[in-house]
Amino acid sequence: MKLAELAKELQISTGSFIKFIQDFDLELAECLTTNFQVKKDFEKFARENISFLKKYEKDLDQNKSIEDIAENINQPKEKVAEIIANEKPQVFDNGLYKSTVSSFGIDNKLGGNYQFVYDYFGKKSTLTKQDFIGYRDLFFYLSRELEPFINKTPLTDWGIHKPVGIILYGPPGSGKIFWANKIAEITGYRFDEVKKYYYGTSFVDGNKTSFNDFLIQKMKEEKSLLFMEDFDTIMNQRTEEKSVSSCDEETKEIILHYIGHFEEENLLMVGSANSVADIDKEILAPGRFDVLIPIFPPNAQERVEMILLHITRHLSEDSLLMKILIKNNANKLPFWKDISSKMNVFSNTMIIDFTQSLKKRLRNMYLKHSSEDIKIDSKLLNSALRDASAKLTEEYLDQVAQFLRDVSVNNYDDFPHRIEKLKKELDHYKLVEIPRPSIGFSHNEEEKIKK
């Protein structure tokens, strides 16, 4: 059963269900599949707790002040204000919070007893079996943008058409290809990557072919998702100060020529860009590539989970590395929190580099001493961290800064919490000038104090 079908049957909005999953920090893998099929445990919970879910939705729909929330959940006003300040929700001019704020969600964060919710989700999915780690906010945002693919109601009831062009933008190494594959899963389209040699004219098996031929062929196929890397370079806006290659300009013109037929031909094009700032405005026009999805570097908690995932991936329970991890309690999330806090603005690939470096160092130590009694201490962790930091260049930090400018313009209201957290992490790398000592001799009084 799809989430939309369950929501319609129980007369509870899908938006309310989605916010509930986020407020109560439920694992997506325990609630929904990628294409929004409801898991058995979640369906059982919803049916047996329909009265609570209706109360949750009613509260969510009400505009309320901090005082209203504090009185409703019997919690101190100061603590409620602190939670809301961290969440950065939307607020009306009169100071009342919009329906993005749930009194129940705040109460849960302040220690309210909602064990009856978690009793339905006792079997935690292991990290290796989860579709992805964290990023629930991004997943649900993406699903809203892809609603016409998930069910036909937006088209039949509202005339809202399926997007034909999507741009995934963010710093290098943050998983844009991963999310393009997720879009293919959600929409049920086949994932095809557009190779660089498809652009312009080339020879394949002795036959002359062009990007125009390639695109026409793909439009004939059933439900195809075309993924294009370097989208911001190919679709760059030409100006008097900046020229673009003739091959890229030709590719752009071909896409603009055919894009009006993409929907009827069941073709979806997804572009990967480091920045959307310099993309030709014609490309971003309504009905073209007008869906912009920001792909953030992982936050601190997501980094913890990613480290554990990649350090334990493909390991059997009796493997040498697993034995070493267990002896250090490094097979559990809390072990990695301290080192994760030092990985400000790290990309996914940097985290993988860290785990690979650490594995190699542990293996070398084992080969040297032939013993599993290896302590994973701060010296070892910091050495692997230095190796992974090789990609943390000035150019990369500039790309993160540009991403923050882009996402603040295009998607701030959708991801205020992530944006502010990422800003703080980037600020960690700003150089602070060290005060210079004064020139000249010390004053006599100062000399007396020293003595």
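Ranked from highest to lowest mean number of other Cβ atoms within 10 Å per residue, what is the order of the peptides 138-145, 364-371, 73-80? Intermediate values should be presented prior to the final figure.
Working: 138-145: 17.8, 364-371: 10.4, 73-80: 14.4.
Ranking the peptides 138-145, 364-371, 73-80 by packing returns 138-145, 73-80, 364-371.
5 Å is the cut-off here: which amide hydrogens, built 1.01 Å from N in the peptide plane, fall below it relative to Leu32, excluding neighbours closer than 5 in sequence?
The list, which skips near neighbours in sequence, is Lys39.
Would you mind checking which residues have amide H under 5 Å from Lys2's amide H? H placed 1.01 Å from N; only 5 or more apart, or other chain.
Here the answer is Val38, since their amide H atoms fall under 5 Å of that of Lys2.
How far is the Cα center of the range 28-90 from the Cα center of the range 411-426, in Å?
That distance is 22 Å.
Quick one: what are the phi-derived ³J(HN,Hα) couplings along the range 336-353, Karplus 6.51/-1.76/1.60 with θ = phi - 60°, whole Hz, x for glycine and proline?
9, 5, 5, 5, 4, 5, 8, 9, 4, 6, 5, 7, 4, 5, 5, 5, 4, 4
Tell me, Thr34, Thr393 in order of fewest to most beta-carbon neighbours within 10 Å?
Going from sparsest to densest Cβ surroundings: Thr393, Thr34.
Distance between Cα centroids, the range 264-304 to the range 318-340: provide it in whole Å.
36 Å
Spin-label point model (7 Å from Cα, Cβ direction): what's the Thr33 to Thr209 distance in nm?
It is 3.3 nm.
Kindly put Tyr197, Tyr120, Tyr169, Tyr114 in sequence by how many other C-beta atoms sit within 10 Å of each C-beta, fewest to most. Walk me through the numbers before you get to the answer.
Details: Tyr197 11, Tyr120 19, Tyr169 26, Tyr114 15.
In increasing order of surrounding Cβ atoms, one gets Tyr197, Tyr114, Tyr120, Tyr169.
By average Cβ neighbour count within 10 Å, what is the ranking of 41-47, 411-417, 179-185, 162-168 from highest down?
162-168, 179-185, 41-47, 411-417
Do any of Lys39/Lys182; Lys195/Lys218; Lys359/Lys379; Lys79/Lys423; Lys182/Lys423; Lys44/Lys109 go past 21 Å between their Cα atoms, and which? Working shown, then result.
Details: Lys39/Lys182 18 Å; Lys195/Lys218 13 Å; Lys359/Lys379 14 Å; Lys79/Lys423 24 Å; Lys182/Lys423 27 Å; Lys44/Lys109 24 Å.
Listed pairs above 21 Å: Lys79/Lys423; Lys182/Lys423; Lys44/Lys109.
Which order do peptides 251-261, 313-323, 17-27, 213-223 fall in by mean Cβ count within 10 Å, highest first?
Highest-to-lowest ranking by the protection proxy: 17-27, 251-261, 213-223, 313-323.
Multiply the residue separation of Glu145 and Met1 by 0.36 nm, subtract the distance between their alpha-carbon atoms, and state the gained length in nm to one decimal.
Using 0.36 nm per residue and subtracting the Cα-Cα distance, I get 49.8 nm.
Below 12 angstrom from the Cβ of Gln402, what's the summed charge of the other residues (Lys, Arg +1; Asp, Glu -1)?
With Lys, Arg at +1 and Asp, Glu at -1, the neighbours total -4.
Let me know the charge dipole size of the range 297-451 about its Cα centre in debye, to the nearest 20, where only the beta-carbon of Lys, Arg (+1) and Asp, Glu (-1) is charged.
The calculated dipole for the range 297-451 is roughly 680 debye.
No value in this document is a laboratory result; all are computed from the given coordinates. Note that the coordinates shown come from a computational prediction; the quantities given were computed from them, not determined experimentally. Cβ atoms come from the backbone with ideal geometry, glycine included; neighbour counts cover every protein chain shown.
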